[in-house]
Amino acid sequence: MNTSPVDPNIRHRVSGRPPLRSAVPLLLAAQALLVLPTPARAQATDVKYDAGVALLHSDNIGLSESNPQDDTVIAPFLRFEADHESSSLRLKARGRAEYLHYSGNSYDDELRGELSAQLNWAIAPERVELVVSDWLIRAPIDVFTNFVPTNQQEVNVFQAGPSFFARFSESTRGQLDLRYVNTQAEETKDFDGHRYKGAARLLRDFSPTTTGSVNVDATRVQFDRNSGSTDFTRYGAYASLTRRLASVDLQADLGIARVHRDGHDDASAPTVRIRIDWRAAPRSVLSASADYELGDAAQYAAVDLADGMRPLLDGLGNADIAAGPSLFRNRQFGLHYRYAGERLSVNVNPRHQVFRYLEDTAQDQVLTGAVLAVDYQLRQNLSLTLGAERVNRRFERIGRHDHDTRFVLSLLDQFARNWAWRIDVEHNRRDSSTSGLSHDVNAVSFTIAYRR
């Protein structure tokens, strides 16, 4: 069971620790929107929010194998989405803040949230653009321990810098990106550091449906402390191709990345990112993806958030990657089938993923799993969702095997124009080869929200 929130993270315990400084992009975005003329703001800005309260009861709030403890959590929350697009400014932001009160005192009360935001400001249209983005998520402190509140922390990645554009001909363009990146983790201080990135791209339109590019980039990573953290410089080069046809979309990146680690041997890996979307029928899409690249935890913190009113419980009780300085080779294969009918929608998403760490090899893991979600609209504003998830995780170096299974039944009712309620019933089970880490959890939650 995962008691983490539903959209990006801003949490600090009531007992003391200050939250990470992650509100900068939101403040910049708000300032930018405020200085726009009123008519433009009214026409181009779309802001949605949910304000409500969730009530959760779990029969094993601490994911204990031998000593399960009941608790009821009361969580008022505010979730928002903001989209703005004009000739000079683009903003896309999603976030959620919530206060969790554990009535049985199983954990300290806490304020937490999540955030994903990006602001693009065209200083000189088609010439110079300023990009500011921020991601705030929750990650495990220890990847080998269950994902309970005491094993969760804020992880923040802030990025800012200019992009320069040039048009050499009707079909050929150039782009130069310069970025400063700041990474912070609430507990894992070896993750804290600074990054300086540069990327040059040459893009060409071969036809109305086909675009290609050649890309080179370099990143210098410097950590705030030396203990367990190795500064490194990453160099990359890859070619990209995008092709959009009547029923098939193809995106492919092929290249190589090399890392020079201070005081250690260099490392390299191919860069392969392929995605194919096939619109097999008017209501059906089948997607396939394959990735192989050299990365680290900071790259995986930069993710978009899911939309919609979500349950307080979300996802299996472990995260794949802990915040830290270690580099790893990531190999991933996935399929995604989506059917969207008038009343019935189906999503099926099997995946296989392998992480191979360069230094902390104890974290090497292989994950194989699948997610199934079936949504049926019982009537116009009432929908029923059945979700099932299975993940097999193997830590090869330490001989540990985890088998996670999760079932969720949800009922969502938009009973008035601006009001909705949701009930979620969940069963979550882990069978682990490591003593003390198996658990069996049943939980039910009720959420009511004012939506605007």
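No lab work stands behind these numbers, since they all come straight from the coordinates. Owing to the predicted nature of the structure, the values given are computational and were not obtained by experimental measurement. As a convention, Cβ positions derive from the backbone with ideal geometry for all residues, glycine included, and neighbour counts pool all protein chains shown.
Ranked highest first by the average count of other Cβ atoms within 10 Å around their residues, in what order do 387-398, 438-449, 340-351 fall? Numbers along the way, then the final one.
Values: 387-398: 16.8, 438-449: 19.0, 340-351: 13.8.
Most protected by this proxy first, the peptides run 438-449, 387-398, 340-351.
At a Cα cut-off below 16 Å, give the aspartates and glutamates reachable from residue 92, other chains included and same-chain residues fewer than 8 away excluded.
Output for residue 92: 7, 46, 81, 83, 114, 129, 134, 304, 307.
May I ask you to compute the full-extension gain from residue 442 to residue 145, defined as 0.36 nm times their residue separation minus their alpha-carbon distance, rounded to one decimal in nm? Could the numbers behind the result be given before it?
Numbers: separation 297, 0.36 × 297 = 106.92 nm, distance 1.96 nm.
Net length gain for the segment: 105.0 nm.
Loop only by DSSP, 13 or fewer other Cβ within 10 Å of the Cβ. Give me the chymotrypsin sites (Phe, Trp or Tyr not before Pro) in the stretch 160-203 that pass, ordered by residue number. Walk me through the numbers on the way to the answer.
Values: sites: 164, 165, 168, 180, 191, 196; in loops: 168.
Of the chymotrypsin sites (Phe, Trp or Tyr not before Pro), the ones in loops of the stretch 160-203 whose Cβ has at most 13 other Cβ atoms within 10 Å are 168.
Give me the net charge of residue 266's neighbourhood, meaning all other residues with Cβ under 13 Å from the Cβ of residue 266; Lys, Arg count +1, Asp, Glu -1.
Values: positive: 234, 258, 261; negative: 262, 265.
In short, +1.
In nm, what is the difference between 0.36 nm times the number of residues separating residue 351 and residue 366 and their Cα-Cα distance?
Values: separation 15, 0.36 × 15 = 5.40 nm, distance 1.08 nm.
Stretched fully, the residue 351-residue 366 segment lengthens by 4.3 nm.
Sort out for me the Cα centre separation of the stretch 248-277 from the stretch 102-169, rounded to whole Å.
23 Å
With N set to the residue count of the chain, report its C-alpha Rg divided by 2.2 N^0.38 Å to two decimal places. Could you put the intermediate results ahead of the total?
On the way: Rg = 22.7 Å, N = 452, 2.2 N^0.38 = 22.5 Å.
This ratio for the chain stands at 1.01.
I want the local charge near residue 215. Using Cβ-Cβ distances under 15 Å, sum +1 for each Lys or Arg and -1 for each Asp or Glu among the other residues.
On the way: positive: 173, 179, 197, 201, 204, 234, 258, 273; negative: 177, 217, 253, 293.
Net charge in that neighbourhood comes out at +4.
Determine the relative contact order of the stretch 12-451: mean sequence separation of Cα pairs under 8 Å and six or more apart, normalised by residue count, in whole percent.
On the way: 1187 pairs, mean separation 50.0, N = 440.
Result for the stretch 12-451 is 11 percent.
Within 10 Å of each residue's Cβ, count the other Cβ atoms and sort 84, 352, 264 from fewest upward.
Working: 84 20, 352 16, 264 13.
Lowest count first: 264, 352, 84.
Count charges around residue 126 for me, please; just the other residues with Cβ under 12 Å from its Cβ, Lys/Arg as +1, Asp/Glu as -1.
On the way: positive: 127, 167, 173; negative: 129.
Computed value for this residue: +2.
Residue 364's amide H: which non-local residues (gap 5+, or another chain) put their own amide H closer than 5 Å, with H modeled 1.01 Å from N in plane and none for Pro or chain starts?
357, 397
Where the centre of each part is set by its Cα atoms, how far does the stretch 191-206 sit from the stretch 371-446, in angstrom?
Cα centroid of the stretch 191-206 versus Cα centroid of the stretch 371-446: 37 Å apart.
With every atom except the alpha carbons ignored, what do you get for Rg and Dmax of the stretch 204-256, in angstroms?
Cα radius of gyration and Dmax of the stretch 204-256 are 17.4, 53 Å respectively.
Would you please give the residues with an amide H less than 5 Å from that of residue 62, counting only those at least 5 places away or on a separate chain, with H modeled from the backbone geometry?
Amide H neighbours of residue 62: 69.
Step through the residues of the stretch 344-353 one at a time and calculate ³J(HN,Hα) from phi using the Karplus curve (6.51 cos²θ - 1.76 cosθ + 1.60, θ = phi - 60°), rounding each to whole Hz and writing x for Gly and Pro.
Going residue by residue, I get 10, 10, 9, 10, 10, 9, x, 8, 9, 9 Hz, with x marking Gly and Pro.
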